[in-house]
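Participant: Mind having a look at this structure? Questions to follow.
The values are calculated or read from the model by the stated rules, or taken from the named source; none is laboratory data. Note that the coordinates shown come from a computational prediction; the quantities given were computed from them, not determined experimentally. For neighbour counting, all protein chains shown are included, and Cβ atoms are generated from backbone atoms with ideal geometry for every residue, glycine included.
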C-alpha cells in the first residue's frame, strides 16, 4: 500500500512538473525546438549535436519559429543580430556560463577563452594585448615568413606526387606558426608530415571536438575517462594513445617553459617569454599557450584550406590576385598586404565562407531577467547563438554557400555593404572579440600570398569546373567547436 501511494505521489509530482514545464514556465511561450526540448535538451539534441549538425539544424528552426527557440528546460537559442550585439556588448550583463567554459580549462588554470569573471577577463586581455594588438603583430612577420617558407618547400615534394590534401597540410603549417609564437619553438608539425605522419596531439583536436557535446553535457564522464585511463595503466601497463599524446605534449610544453627561464637559451620572441615579464602567473601563461594550439589552430588552418580549394576552382580571380601581389612586389609588410583589395577580399570571404569557429557561445541571463525579442527571459536562463549563423545570413550575404570575394570589393557606403559589415562577426563582438584577430589575418595574408608566389592552384578534377570563374560551393562538413569537412579538400599545385 505504501508503495502504491508513493508511486502515485511520484506520478502526480511528475505530472505537475510537466504541466508547469510545458504550459506555466516563463519559457513556455517560446517555440520548442522539439517536443522533448522542455523536458531535456539532451533528449532531442544530443544525437544531432554528436553528429556535428546542431549549428546546421538550429538556423532552420529559427527560420521557421523565430529569433528565440527553446532548446532545453532552461535554455534558449537565439538568432538575431540585435540580441547578439546586446549579449556581447562591452560591459554586457550576460556572463559566460561556467558550466560549459570550465570544460576548456587547461590544467586547472583558466585561459582567456575559459575565464568567466568579466574583470579577470578584461585584465587578462590587457596583458595579452602587448603581443596581440594591431601595432604589435607585425613584429611576428619574420617568424611567420620563415615558417611558411619551410612549408612551401615541403609542398614541392608533396605536389610532385599528385594531389595535395589541404586539411592536414594547412593544419601543420598553422600548428608550427602558432607553437613557434606561443612557445618560441615550433612543434614540428611540417617536419612530421615530411616523415609521413601527423603530430598526434594536433590530429586528435578533431576527435576532441566531436566529443565536446559529451563533455559539456556530462562533465562527470571526463573524470571517469581519466580514472579509467589511469586504472588501465596501473593494471596492465598499457597507456591509451590519446592520453600518451597529451602527456607528451604536456612534457614538451613544460620544457618550453623551462627554456624561457634560461636567459641565455631563451628564444628571442615568444608569448611565454613576453608573458613571463608581465603580471600573469607562469602556469596561466602556459595554459594560454597550450590553448592556442587547440581551436585557434583548427579554425585558421581550415580557413586557409578552404580559400585554396576555392581559388583552385576560380582561375580568373586567382590570376587577378597573383597580378596584384606581383604589382606589390610580393610584399610581406602587413600594411601593404592590407592595401591589396583582392587579397583582403579573398581572406575575408574565406573567413566568412568557411565559418570555422562554429561553437555556440552560451551566456547566462542576468538576475532579474531580460527582455529579448519581446519575450521576458528569467534570470539564470542559458542563451546561446553561433557566430557563423550571421556569416551565412541570406539577406546580408546572398548565396551564402558560395565563395564570392567580389562581395568585399564593393566599397560604396550602401545599405547592402552596411548590412554585410554588420553581420561579419567571425571573431565575435565586444569583450568577446577574439584576441588573435590580427594574428589570424596576418597568418592568412602571408600564407596565401607566399604560396601563390610559387604555385598556381588547380582542381583535381577539372571536369567539375565549367568556367574559369567558377564559384566554389561550401563542401559538406560537421560542426563542433570547429567545423570539419567530411571529405578531403584536394588540389593540384603547379610551380610557376
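Participant: Take the conditions surrounded by fewer than 20 Cβ atoms within 10 Å (Cβ to Cβ) and touching a residue at least 24 places away in the same chain (Cβ under 8 Å) and apply them to residue 419. Does it pass?
Facilitator: When the stated conditions are applied, residue 419 passes them.
Participant: Follow-up. Is it the case that some residue within the range 355-364 is crowded, with 18+ Cβ neighbours inside 10 Å, in a helix (DSSP H, G or I), in contact with a helix residue (DSSP H, G or I) (Cβ under 8 Å, 6 or more places away or on another chain) and touching a residue at least 40 places away in the same chain (Cβ under 8 Å)?
Facilitator: no
Participant: Grab the helices (runs of 4 or more DSSP H) fully contained in the range 1-75, keeping just those with 3 or more residues being out of contact with any strand residue (DSSP E or B) (no Cβ under 9 Å at 6 or more places or on another chain), under 29 Å from residue 480 (Cβ atoms) and modelled with pLDDT under 80.
Facilitator: By residue number, 41-50.
Participant: Here's another thing I want to ask about it. Take the range 425-436 and flag every residue that is more than 16 Å from residue 87 (Cα to Cα) and over 12 Å from the mean Cα position of the chain (by Cα).
Facilitator: Within the range 425-436, 435 is the sole residue that qualifies.
Participant: So, one more: Between a residue in the range 383-395 that is within 17 Å of residue 433 (Cβ to Cβ) and any residue that is modelled with pLDDT of 95 or more and assigned to a strand (DSSP E or B), which pairs come within a Cβ distance under 8 Å, given they are 6 or more apart or on different chains?
Facilitator: Final answer for the pair search is 385/77; 385/78.
Participant: Right, something else. Looking at this structure, is residue 125 surrounded by fewer than 17 Cβ atoms within 10 Å (Cβ to Cβ) and in a helix (DSSP H, G or I)?
Facilitator: So residue 125 fits the description; yes.
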